[in-house]
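What follows is a short report on a single structure.
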Amino acid sequence: SRFSEPHRPQFHFTPEANWMNDPNGMFHLNGEYHLFYQYYPDSTVWGPMHWGHAVSEDLVRWKHLPVALAPDSLGYIFSGSAVVDHRNSSGFSQDSTPPIVAAFTHHDPVGEQAGTDDFQVQSLAYSVDKGYTWTKYDGNPVLPNDTGIRDFRDPKIIWNPQTEQWIMTLAVYDRVKFYGSPDLKNWQYLSEFGIEGDTRLWECPDLFPMRVSDSRDYKWVLIVSIQQEGPNGGTGTSYFVGDFDGTNFLADPGQQQWLDYGADNYAFVTWDNAPATWGRRLGIGWMSNWQYAQQVPTATWRSAMTVPRVLELQGEAGAYHLIAKPVPSLAGLRGEATPLDSVITQSKIVNGNFDPSMADLDLVVDLQETTASVFGITLSNAQGEQVEIAIDRINGLMRVDRTQSGPKGFSEDFFKRPHDAPLNTSRATLDLRLLFDVASVEIFGNRGALNFTDIYFPSSPYSQMEIWARDGELHLSEGMVYAMNSIWE
Ligand code: FRU
(Lines give C-alpha, C1' and ligand atoms only; values in the text may rest on other atoms or scores of the structure.)
Protein backbone atom coordinates (compact mmCIF):
# COMPACT_ATOMS: atom_id res chain seq x y z
CA SER A 1 0.00 0.00 0.00
CA ARG A 2 0.91 3.67 -0.17
CA PHE A 3 3.69 4.81 2.17
CA SER A 4 4.78 1.35 3.25
CA GLU A 5 8.40 1.54 2.11
CA PRO A 6 11.14 0.55 4.59
CA HIS A 7 11.66 3.26 7.28
CA ARG A 8 8.52 5.20 6.26
CA PRO A 9 7.06 6.88 9.36
CA GLN A 10 3.37 6.14 9.84
CA PHE A 11 2.25 9.13 11.90
CA HIS A 12 4.77 11.79 10.98
CA PHE A 13 4.62 14.07 7.99
CA THR A 14 6.88 13.01 5.10
CA PRO A 15 6.87 14.14 1.46
CA GLU A 16 5.53 11.55 -0.97
CA ALA A 17 8.91 11.44 -2.68
CA ASN A 18 12.25 13.24 -2.75
CA TRP A 19 14.10 15.69 -0.58
CA MET A 20 12.65 17.73 2.30
CA ASN A 21 14.27 19.96 4.92
CA ASP A 22 12.98 22.87 7.05
CA PRO A 23 9.29 23.51 7.78
CA ASN A 24 8.29 26.87 6.27
CA GLY A 25 5.41 29.32 6.21
CA MET A 26 3.03 27.54 8.58
CA PHE A 27 -0.25 29.32 9.21
CA HIS A 28 -3.74 28.41 10.35
CA LEU A 29 -6.98 29.68 8.83
CA ASN A 30 -10.58 28.50 9.26
CA GLY A 31 -9.71 25.14 10.76
CA GLU A 32 -6.94 24.36 8.29
CA TYR A 33 -3.29 24.10 9.26
CA HIS A 34 -0.96 24.71 6.35
CA LEU A 35 2.59 23.39 6.28
CA PHE A 36 5.18 24.28 3.65
CA TYR A 37 8.67 22.89 3.54
CA GLN A 38 12.02 23.14 1.81
CA TYR A 39 11.64 20.71 -1.04
CA TYR A 40 13.63 19.50 -4.04
CA PRO A 41 11.18 17.54 -6.22
CA ASP A 42 13.82 16.04 -8.54
CA SER A 43 16.09 14.17 -6.16
CA THR A 44 16.51 12.65 -2.69
CA VAL A 45 19.34 15.07 -1.88
CA TRP A 46 19.27 18.86 -1.42
CA GLY A 47 19.05 20.91 -4.63
CA PRO A 48 17.24 23.93 -6.11
CA MET A 49 14.75 24.67 -3.34
CA HIS A 50 10.99 24.87 -3.76
CA TRP A 51 8.26 25.17 -1.14
CA GLY A 52 6.41 21.86 -0.88
CA HIS A 53 2.92 22.10 0.60
CA ALA A 54 0.51 20.09 2.76
CA VAL A 55 -2.63 20.79 4.76
CA SER A 56 -4.26 19.23 7.82
CA GLU A 57 -7.37 19.78 9.89
CA ASP A 58 -6.09 18.02 12.99
CA LEU A 59 -2.27 18.36 12.75
CA VAL A 60 -2.11 14.58 12.52
CA ARG A 61 -3.46 13.56 9.09
CA TRP A 62 -1.90 15.46 6.19
CA LYS A 63 -2.96 15.93 2.63
CA HIS A 64 -0.18 16.53 0.10
CA LEU A 65 -0.72 19.54 -2.18
CA PRO A 66 1.10 20.73 -5.31
CA VAL A 67 4.38 22.64 -4.95
CA ALA A 68 3.54 26.18 -3.81
CA LEU A 69 6.67 28.10 -4.83
CA ALA A 70 9.29 27.19 -7.44
CA PRO A 71 12.64 28.81 -8.28
CA ASP A 72 12.56 31.79 -10.66
CA SER A 73 14.99 34.31 -12.17
CA LEU A 74 15.86 35.63 -8.69
CA GLY A 75 16.90 32.18 -7.50
CA TYR A 76 15.92 29.27 -5.29
CA ILE A 77 13.15 29.58 -2.70
CA PHE A 78 14.80 29.23 0.71
CA SER A 79 13.16 29.13 4.13
CA GLY A 80 10.68 31.68 5.42
CA SER A 81 7.29 32.24 6.97
CA ALA A 82 3.72 33.25 6.21
CA VAL A 83 1.18 35.48 7.93
CA VAL A 84 -2.54 35.95 7.60
CA ASP A 85 -2.82 39.66 6.74
CA HIS A 86 -6.20 40.19 8.42
CA ARG A 87 -6.34 43.93 7.71
CA ASN A 88 -5.06 43.58 4.13
CA SER A 89 -2.20 45.91 5.04
CA SER A 90 -0.33 44.62 1.99
CA GLY A 91 -3.20 45.46 -0.34
CA PHE A 92 -2.81 42.07 -2.03
CA SER A 93 -6.49 41.21 -1.62
CA GLN A 94 -9.17 42.77 -3.83
CA ASP A 95 -12.10 41.61 -1.69
CA SER A 96 -12.83 40.73 1.93
CA THR A 97 -10.72 37.54 1.92
CA PRO A 98 -7.55 38.27 3.91
CA PRO A 99 -4.44 37.63 1.84
CA ILE A 100 -1.88 35.19 3.14
CA VAL A 101 1.56 36.68 2.68
CA ALA A 102 4.67 34.52 2.57
CA ALA A 103 8.15 35.95 3.08
CA PHE A 104 11.06 33.82 1.90
CA THR A 105 14.69 34.12 0.93
CA HIS A 106 15.54 34.25 -2.74
CA HIS A 107 18.91 32.53 -3.01
CA ASP A 108 20.71 33.25 -6.27
CA PRO A 109 23.11 30.35 -7.00
CA VAL A 110 24.84 32.31 -9.78
CA GLY A 111 25.73 35.16 -7.44
CA GLU A 112 26.87 32.66 -4.86
CA GLN A 113 29.16 30.95 -7.39
CA ALA A 114 30.53 34.29 -8.50
CA GLY A 115 31.51 35.04 -4.90
CA THR A 116 29.25 38.06 -4.42
CA ASP A 117 27.95 38.88 -0.95
CA ASP A 118 24.37 39.88 -1.80
CA PHE A 119 22.92 36.68 -3.31
CA GLN A 120 20.41 36.17 -0.46
CA VAL A 121 17.51 38.66 -0.41
CA GLN A 122 13.98 38.63 1.04
CA SER A 123 10.93 38.36 -1.20
CA LEU A 124 7.15 37.95 -0.94
CA ALA A 125 4.45 35.77 -2.43
CA TYR A 126 0.75 35.96 -1.64
CA SER A 127 -2.38 33.87 -1.81
CA VAL A 128 -5.93 35.20 -2.10
CA ASP A 129 -7.53 31.75 -1.96
CA LYS A 130 -6.75 30.89 1.68
CA GLY A 131 -3.28 29.58 0.93
CA TYR A 132 -3.90 27.14 -1.89
CA THR A 133 -2.34 28.98 -4.84
CA TRP A 134 0.43 31.52 -4.76
CA THR A 135 1.60 34.52 -6.77
CA LYS A 136 5.02 36.07 -6.36
CA TYR A 137 5.02 39.80 -5.68
CA ASP A 138 6.22 41.76 -8.73
CA GLY A 139 8.22 44.12 -6.55
CA ASN A 140 10.61 41.43 -5.28
CA PRO A 141 12.95 41.56 -3.54
CA VAL A 142 11.45 43.61 -0.70
CA LEU A 143 14.66 43.51 1.33
CA PRO A 144 17.93 43.48 -0.63
CA ASN A 145 21.15 42.67 1.16
CA ASP A 146 23.33 45.70 1.82
CA THR A 147 24.96 44.24 4.93
CA GLY A 148 28.03 42.79 3.24
CA ILE A 149 27.23 39.54 5.08
CA ARG A 150 26.50 36.58 2.81
CA ASP A 151 24.24 34.65 5.21
CA PHE A 152 21.08 36.75 5.21
CA ARG A 153 18.01 34.57 5.30
CA ASP A 154 14.96 32.81 6.73
CA PRO A 155 12.58 35.75 7.38
CA LYS A 156 10.03 35.05 10.13
CA ILE A 157 7.26 37.60 10.39
CA ILE A 158 4.86 38.40 13.23
CA TRP A 159 2.41 41.19 13.88
CA ASN A 160 3.40 43.23 16.93
CA PRO A 161 0.16 44.66 18.37
CA GLN A 162 2.06 46.97 20.74
CA THR A 163 3.75 49.00 18.02
CA GLU A 164 1.20 48.06 15.37
CA GLN A 165 3.73 46.92 12.85
CA TRP A 166 5.04 43.77 11.26
CA ILE A 167 8.33 42.52 12.64
CA MET A 168 10.69 40.44 10.52
CA THR A 169 13.38 38.42 12.29
CA LEU A 170 16.20 37.45 9.96
CA ALA A 171 19.20 35.15 10.46
CA VAL A 172 22.34 37.07 9.51
CA TYR A 173 25.33 34.78 9.97
CA ASP A 174 25.98 34.67 13.75
CA ARG A 175 23.09 36.88 14.87
CA VAL A 176 19.57 37.96 14.05
CA LYS A 177 18.48 41.31 12.67
CA PHE A 178 15.00 42.78 13.21
CA TYR A 179 13.14 44.84 10.64
CA GLY A 180 9.78 46.61 10.90
CA SER A 181 7.09 47.31 8.31
CA PRO A 182 3.56 48.76 8.09
CA ASP A 183 2.62 46.82 4.94
CA LEU A 184 5.01 43.86 4.55
CA LYS A 185 6.51 45.51 1.46
CA ASN A 186 8.60 48.33 2.96
CA TRP A 187 11.07 47.30 5.65
CA GLN A 188 13.13 49.37 8.04
CA TYR A 189 16.07 48.10 10.03
CA LEU A 190 15.40 48.08 13.78
CA SER A 191 18.21 46.33 15.64
CA GLU A 192 20.24 43.17 15.99
CA PHE A 193 20.84 40.53 18.63
CA GLY A 194 23.74 38.08 19.00
CA ILE A 195 26.15 36.67 21.54
CA GLU A 196 29.47 38.39 21.83
CA GLY A 197 32.23 36.04 20.71
CA ASP A 198 29.97 33.24 19.46
CA THR A 199 30.38 32.93 15.68
CA ARG A 200 28.32 29.80 15.05
CA LEU A 201 25.95 30.13 12.09
CA TRP A 202 22.34 30.94 13.02
CA GLU A 203 19.37 29.90 10.88
CA CYS A 204 15.58 29.85 10.96
CA PRO A 205 14.84 32.33 13.77
CA ASP A 206 11.41 32.88 15.29
CA LEU A 207 10.43 35.70 17.68
CA PHE A 208 7.08 35.73 19.49
CA PRO A 209 5.47 36.83 22.76
CA MET A 210 4.21 34.27 25.26
CA ARG A 211 2.29 34.50 28.44
CA VAL A 212 4.05 32.76 31.32
CA SER A 213 1.92 29.84 32.56
CA ASP A 214 0.01 30.48 35.79
CA SER A 215 1.01 34.10 35.72
CA ARG A 216 -0.04 37.41 34.25
CA ASP A 217 3.47 38.08 32.98
CA TYR A 218 4.49 37.68 29.42
CA LYS A 219 7.91 37.40 27.87
CA TRP A 220 9.32 37.20 24.36
CA VAL A 221 10.90 34.02 23.08
CA LEU A 222 13.53 34.02 20.34
CA ILE A 223 14.13 30.62 18.75
CA VAL A 224 17.30 30.17 16.69
CA SER A 225 18.63 27.06 15.02
CA ILE A 226 22.37 26.58 15.31
CA GLN A 227 24.48 24.94 12.59
CA GLN A 228 27.29 23.57 14.79
CA GLU A 229 27.84 22.04 18.23
CA GLY A 230 24.24 21.00 18.79
CA PRO A 231 23.47 19.30 22.13
CA ASN A 232 24.49 15.90 20.74
CA GLY A 233 26.52 16.99 17.73
CA GLY A 234 25.75 18.81 14.51
CA THR A 235 22.69 21.01 14.17
CA GLY A 236 20.10 21.84 16.82
CA THR A 237 17.36 24.27 17.86
CA SER A 238 17.94 26.71 20.73
CA TYR A 239 16.08 29.62 22.28
CA PHE A 240 16.42 32.73 24.39
CA VAL A 241 13.81 34.24 26.71
CA GLY A 242 13.75 37.99 27.12
CA ASP A 243 11.93 41.22 26.35
CA PHE A 244 11.23 42.99 23.08
CA ASP A 245 10.25 46.66 23.21
CA GLY A 246 9.27 46.86 19.55
CA THR A 247 12.81 47.66 18.50
CA ASN A 248 15.33 45.77 20.61
CA PHE A 249 15.39 42.24 21.99
CA LEU A 250 17.05 42.01 25.37
CA ALA A 251 17.77 38.47 26.58
CA ASP A 252 17.36 37.65 30.25
CA PRO A 253 20.66 36.96 31.95
CA GLY A 254 21.48 33.28 31.76
CA GLN A 255 22.07 30.75 29.11
CA GLN A 256 20.93 30.08 25.63
CA GLN A 257 18.78 26.95 26.10
CA TRP A 258 18.17 23.91 23.91
CA LEU A 259 14.63 23.32 22.76
CA ASP A 260 15.37 19.64 22.18
CA TYR A 261 18.31 17.57 23.43
CA GLY A 262 18.22 14.90 20.73
CA ALA A 263 20.16 15.03 17.49
CA ASP A 264 17.15 15.35 15.21
CA ASN A 265 15.08 18.47 15.70
CA TYR A 266 16.26 21.34 13.53
CA ALA A 267 14.70 24.51 12.17
CA PHE A 268 11.80 24.29 14.63
CA VAL A 269 9.46 27.26 14.02
CA THR A 270 5.88 28.14 14.95
CA TRP A 271 2.48 28.54 13.28
CA ASP A 272 0.98 31.93 12.51
CA ASN A 273 -2.63 32.60 13.50
CA ALA A 274 -3.07 29.30 15.35
CA PRO A 275 -6.17 29.21 17.57
CA ALA A 276 -4.15 27.94 20.54
CA THR A 277 -5.11 29.07 24.01
CA TRP A 278 -3.47 32.35 25.03
CA GLY A 279 -0.01 31.59 26.22
CA ARG A 280 0.61 28.58 24.05
CA ARG A 281 2.20 28.33 20.66
CA LEU A 282 2.25 25.59 18.11
CA GLY A 283 5.39 24.54 16.22
CA ILE A 284 7.13 21.80 14.25
CA GLY A 285 10.73 20.87 13.46
CA TRP A 286 12.66 19.03 10.77
CA MET A 287 13.46 15.59 12.19
CA SER A 288 17.02 15.30 10.93
CA ASN A 289 20.51 16.76 11.24
CA TRP A 290 22.68 18.31 8.51
CA GLN A 291 25.52 15.97 9.62
CA TYR A 292 23.88 13.05 7.82
CA ALA A 293 20.48 14.15 6.47
CA GLN A 294 21.49 13.51 2.87
CA GLN A 295 22.95 10.06 3.62
CA VAL A 296 20.23 8.37 5.68
CA PRO A 297 19.13 5.07 4.08
CA THR A 298 15.66 5.88 2.80
CA ALA A 299 15.27 5.12 -0.89
CA THR A 300 12.51 7.26 -2.37
CA TRP A 301 12.23 10.25 -0.03
CA ARG A 302 14.35 11.88 2.65
CA SER A 303 13.31 13.26 6.05
CA ALA A 304 10.23 13.59 8.22
CA MET A 305 8.92 16.39 10.43
CA THR A 306 8.63 16.02 14.21
CA VAL A 307 5.12 15.66 15.54
CA PRO A 308 3.60 19.14 15.93
CA ARG A 309 4.25 20.37 19.47
CA VAL A 310 2.52 22.79 21.79
CA LEU A 311 4.91 25.20 23.49
CA GLU A 312 4.34 26.72 26.89
CA LEU A 313 6.53 29.08 28.90
CA GLN A 314 7.04 28.20 32.53
CA GLY A 315 9.06 29.50 35.42
CA GLU A 316 9.61 32.76 37.15
CA ALA A 317 11.76 35.83 36.75
CA GLY A 318 15.31 34.87 35.98
CA ALA A 319 14.53 31.29 35.02
CA TYR A 320 12.00 30.76 32.26
CA HIS A 321 11.89 27.54 30.25
CA LEU A 322 9.94 26.42 27.24
CA ILE A 323 8.18 23.15 27.64
CA ALA A 324 6.81 21.27 24.65
CA LYS A 325 4.29 18.46 24.35
CA PRO A 326 2.88 16.58 21.36
CA VAL A 327 -0.37 18.07 20.05
CA PRO A 328 -3.26 16.50 21.98
CA SER A 329 -4.95 15.31 18.76
CA LEU A 330 -2.17 12.76 18.28
CA ALA A 331 -3.72 10.62 21.00
CA GLY A 332 -6.60 10.07 18.58
CA LEU A 333 -4.39 7.60 16.71
CA ARG A 334 -4.08 5.39 19.76
CA GLY A 335 -5.35 1.87 19.43
CA GLU A 336 -5.41 -0.94 21.96
CA ALA A 337 -3.84 -0.24 25.37
CA THR A 338 -1.45 -2.67 27.07
CA PRO A 339 -0.78 -2.01 30.75
CA LEU A 340 2.77 -2.41 32.01
CA ASP A 341 3.62 -4.30 35.20
CA SER A 342 3.94 -1.90 38.09
CA VAL A 343 7.16 -3.44 39.39
CA ILE A 344 9.96 -4.41 37.06
CA THR A 345 13.10 -6.22 38.11
CA GLN A 346 15.80 -7.01 35.60
CA SER A 347 14.02 -7.26 32.29
CA LYS A 348 10.56 -7.84 30.94
CA ILE A 349 9.43 -8.23 27.34
CA VAL A 350 6.24 -6.24 26.80
CA ASN A 351 3.67 -8.40 25.07
CA GLY A 352 0.39 -7.05 23.83
CA ASN A 353 -1.64 -6.20 20.81
CA PHE A 354 0.67 -3.55 19.40
CA ASP A 355 3.52 -3.20 16.94
CA PRO A 356 6.66 -2.36 18.96
CA SER A 357 8.04 -0.24 16.11
CA MET A 358 5.02 2.06 16.30
CA ALA A 359 3.82 2.84 19.79
CA ASP A 360 2.91 5.62 22.21
CA LEU A 361 4.02 5.04 25.81
CA ASP A 362 2.82 6.92 28.85
CA LEU A 363 4.71 6.23 32.07
CA VAL A 364 4.87 7.69 35.52
CA VAL A 365 7.87 6.43 37.47
CA ASP A 366 7.57 6.39 41.24
CA LEU A 367 11.05 7.62 42.10
CA GLN A 368 10.55 7.16 45.83
CA GLU A 369 9.93 3.42 45.50
CA THR A 370 12.33 2.84 42.59
CA THR A 371 15.66 1.44 43.71
CA ALA A 372 17.16 0.68 40.29
CA SER A 373 20.11 2.94 39.49
CA VAL A 374 19.33 2.82 35.79
CA PHE A 375 16.17 1.77 34.00
CA GLY A 376 14.85 2.00 30.50
CA ILE A 377 13.20 0.73 27.39
CA THR A 378 14.82 -1.09 24.49
CA LEU A 379 13.41 -1.78 21.04
CA SER A 380 15.12 -4.51 19.05
CA ASN A 381 14.75 -6.80 16.05
CA ALA A 382 15.83 -10.34 15.18
CA GLN A 383 19.05 -9.00 13.67
CA GLY A 384 20.10 -7.86 17.15
CA GLU A 385 19.83 -4.20 16.19
CA GLN A 386 18.46 -2.00 18.94
CA VAL A 387 17.79 1.44 20.26
CA GLU A 388 18.06 1.80 24.01
CA ILE A 389 16.58 4.57 26.13
CA ALA A 390 18.08 4.66 29.61
CA ILE A 391 17.31 6.85 32.61
CA ASP A 392 20.20 7.17 35.03
CA ARG A 393 18.38 7.98 38.23
CA ILE A 394 21.54 8.60 40.25
CA ASN A 395 23.17 11.02 37.84
CA GLY A 396 20.00 12.72 36.61
CA LEU A 397 20.59 11.80 33.01
CA MET A 398 18.78 10.35 30.06
CA ARG A 399 20.75 8.47 27.43
CA VAL A 400 19.55 7.36 24.01
CA ASP A 401 21.88 4.82 22.46
CA ARG A 402 21.40 4.30 18.74
CA THR A 403 24.98 3.16 18.12
CA GLN A 404 23.68 -0.38 17.37
CA SER A 405 20.38 0.73 15.84
CA GLY A 406 20.95 -0.59 12.33
CA PRO A 407 23.41 -1.11 9.47
CA LYS A 408 26.25 1.37 9.72
CA GLY A 409 28.29 2.90 6.97
CA PHE A 410 26.09 5.73 5.74
CA SER A 411 27.54 8.13 8.31
CA GLU A 412 30.18 8.03 11.03
CA ASP A 413 28.64 10.85 13.02
CA PHE A 414 25.30 9.06 13.26
CA PHE A 415 26.74 6.11 15.21
CA LYS A 416 29.55 7.85 17.03
CA ARG A 417 28.29 7.82 20.61
CA PRO A 418 25.15 7.59 22.75
CA HIS A 419 23.24 10.85 23.18
CA ASP A 420 22.81 12.36 26.63
CA ALA A 421 20.48 14.89 28.18
CA PRO A 422 20.14 16.23 31.73
CA LEU A 423 16.93 15.01 33.34
CA ASN A 424 15.58 15.97 36.73
CA THR A 425 15.23 12.71 38.70
CA SER A 426 15.05 14.31 42.15
CA ARG A 427 11.28 14.70 42.27
CA ALA A 428 8.86 12.18 43.69
CA THR A 429 7.77 11.10 40.22
CA LEU A 430 9.06 11.21 36.68
CA ASP A 431 6.59 11.19 33.85
CA LEU A 432 7.68 10.08 30.40
CA ARG A 433 5.90 10.05 27.09
CA LEU A 434 7.61 8.15 24.27
CA LEU A 435 6.52 8.14 20.65
CA PHE A 436 8.07 5.44 18.49
CA ASP A 437 7.34 5.62 14.79
CA VAL A 438 9.32 3.13 12.67
CA ALA A 439 12.40 5.34 12.29
CA SER A 440 12.24 7.76 15.22
CA VAL A 441 11.70 8.22 18.91
CA GLU A 442 10.47 11.43 20.52
CA ILE A 443 10.67 11.59 24.29
CA PHE A 444 8.89 14.11 26.50
CA GLY A 445 9.98 14.05 30.15
CA ASN A 446 8.85 15.90 33.27
CA ARG A 447 5.69 17.23 31.62
CA GLY A 448 7.45 18.40 28.51
CA ALA A 449 10.44 20.03 30.24
CA LEU A 450 12.76 17.61 28.43
CA ASN A 451 12.29 17.13 24.68
CA PHE A 452 14.46 14.58 22.97
CA THR A 453 14.23 13.51 19.32
CA ASP A 454 16.42 10.88 17.61
CA ILE A 455 16.02 8.98 14.33
CA TYR A 456 17.27 5.46 13.44
CA PHE A 457 17.20 3.00 10.54
CA PRO A 458 17.07 -0.71 11.45
CA SER A 459 17.36 -3.28 8.64
CA SER A 460 13.96 -4.64 9.63
CA PRO A 461 11.38 -2.97 11.90
CA TYR A 462 11.90 -3.37 15.64
CA SER A 463 9.72 -6.25 16.73
CA GLN A 464 10.37 -6.43 20.47
CA MET A 465 9.92 -3.98 23.31
CA GLU A 466 11.67 -4.59 26.59
CA ILE A 467 11.43 -2.65 29.81
CA TRP A 468 14.29 -3.13 32.24
CA ALA A 469 15.86 -2.13 35.53
CA ARG A 470 19.45 -2.45 36.72
CA ASP A 471 20.58 -2.97 40.35
CA GLY A 472 17.11 -2.86 41.83
CA GLU A 473 13.45 -2.33 41.06
CA LEU A 474 11.61 0.03 38.79
CA HIS A 475 8.21 1.11 40.19
CA LEU A 476 5.61 2.55 37.88
CA SER A 477 2.59 4.34 39.29
CA GLU A 478 1.23 4.44 35.75
CA GLY A 479 2.33 2.62 32.64
CA MET A 480 0.53 2.08 29.37
CA VAL A 481 1.61 1.16 25.87
CA TYR A 482 -0.77 2.22 23.11
CA ALA A 483 -0.78 0.75 19.64
CA MET A 484 -0.67 3.53 17.05
CA ASN A 485 -2.68 3.65 13.85
CA SER A 486 -1.12 4.83 10.63
CA ILE A 487 -2.27 8.14 9.16
CA TRP A 488 -1.84 6.71 5.67
CA GLU A 489 -4.32 3.83 5.91
C1 FRU B 1 18.38 25.50 7.31
C2 FRU B 1 18.68 26.11 5.95
C3 FRU B 1 18.16 27.53 5.89
C4 FRU B 1 17.98 27.74 4.42
C5 FRU B 1 17.49 26.37 3.99
C6 FRU B 1 17.91 26.00 2.60
O7 FRU B 1 18.31 24.12 7.31
O8 FRU B 1 20.09 26.06 5.71
O9 FRU B 1 19.00 28.48 6.50
O10 FRU B 1 17.05 28.75 4.14
O11 FRU B 1 18.02 25.44 4.89
O12 FRU B 1 17.30 24.82 2.19
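The values are calculated or read from the model by the stated rules, or taken from the named source; none is laboratory data. Computed from a prediction, not measured in an experiment: that's the story for all the values here. Positions of Cβ are backbone-derived with ideal geometry, glycine not excepted, and every protein chain shown enters the neighbour counts. Ligands, DNA and RNA are stripped out before the accessible areas are found, and what is left, the full protein with its side chains, is counted by its heavy atoms. Shrake-Rupley method; radii C 1.70, N 1.55, O 1.52, S 1.80 Å.
To the nearest Å, what is the center-to-center distance of segment 1-39 and segment 283-304, using C-alpha atoms only?
12 Å
Report Rg (one decimal) and Dmax (nearest whole number) for segment 429-489, counting Cα atoms only, units Å.
In Å, with Rg to one decimal and Dmax whole: 13.7, 43.
Quick one: check the C-alpha center-to-center distance for segment 128-168 versus segment 357-398, whole angstrom.
The two parts, judged by their Cα centres, are 45 Å apart.
Using only Cα atoms, what Kirkwood radius does segment 183-321 have, in angstroms?
Hydrodynamic radius (Kirkwood, Cα only) of segment 183-321 equals 16.4 Å.
Can you pull the percent of the chain's accessible area that's carbon plus sulfur, 1.4 Å probe, other chains left in place?
45 percent
At q = 0.10 Å⁻¹, what is the log10 ratio I(q)/I(0) for segment 333-484, with the Debye formula run over Cα points and no solvent?
Treating every Cα as an identical point scatterer, log10 I(q)/I(0) equals -0.32.
Kindly rank 15-22, 473-480, 338-345, 158-165 from highest to lowest mean number of other beta carbons found within 10 Å of each residue.
15-22, 473-480, 338-345, 158-165
Go ahead and estimate [θ] at 222 nm for the chain from helices alone: -39,500 (n - 2.57) per DSSP H run with n ≥ 4, summed, over the residue count, rounded to 500.
Value at 222 nm, helices only: -500 deg cm²/dmol.
What is the ratio of the Cα radius of gyration of segment 1-143 to 2.2 N^0.38 Å, where N is its residue count, to two decimals?
Computed over Cα atoms of segment 1-143, the ratio equals 1.10.
Using only C-alpha atoms and all pairs of different ones, pull out the Kirkwood radius for segment 347-390 in Å with one decimal.
Over segment 347-390, the inverse of the mean reciprocal pair distance is 12.5 Å.
For a protection proxy built on the mean count of beta-carbon atoms within 10 angstrom, sort 132-138, 25-31 highest first, please.
Top to bottom by mean Cβ count within 10 Å: 25-31, 132-138.
Which whole-number percent gives the relative contact order of the chain, counting Cα pairs below 8 Å spaced six or more residues apart?
Normalised by residue count, the contact order of the chain is 14 percent.
Once the other residues with Cβ under 15 Å from the Cβ of Ser93 are scored (Lys, Arg +1; Asp, Glu -1), what is the net sum?
Residues close to Ser93 contribute a combined charge of -1.
Could you tell me the distance between the Cα centroids of segment 447-485 and segment 197-260, to the nearest Å?
30 Å
Averaging the inverse of every distinct alpha carbon separation and then flipping it gives the Kirkwood radius. What is it for the chain, in angstrom units?
23.1 Å
Using the per-residue mean of other Cβ atoms lying within 10 Å as a proxy for protection, in what order, highest first, do the peptides 384-390, 231-237 fall?
231-237, 384-390
How big is segment 251-299 by Rg and Dmax over its Cα atoms, in Å?
Cα-based Rg and Dmax for segment 251-299 come out at 14.9, 46 Å.
List the lysines whose Cα lies under 25 Å from the Cα of Lys185, skipping any in the same chain that are fewer than 8 positions away.
Lys130, Lys136, Lys156, Lys177
Would you calculate the volume per residue, in Å³, of the smallest convex hull containing every Cα atom of segment 130-215?
164 Å³
Report, in cubic angstrom per residue, the convex hull volume of the C-alpha atoms of segment 52-125.
So the per-residue Cα hull volume is 128 Å³.
Can you give me the accessible area per residue for the chain, using a 1.4 Å probe, in Å²?
39 Å²
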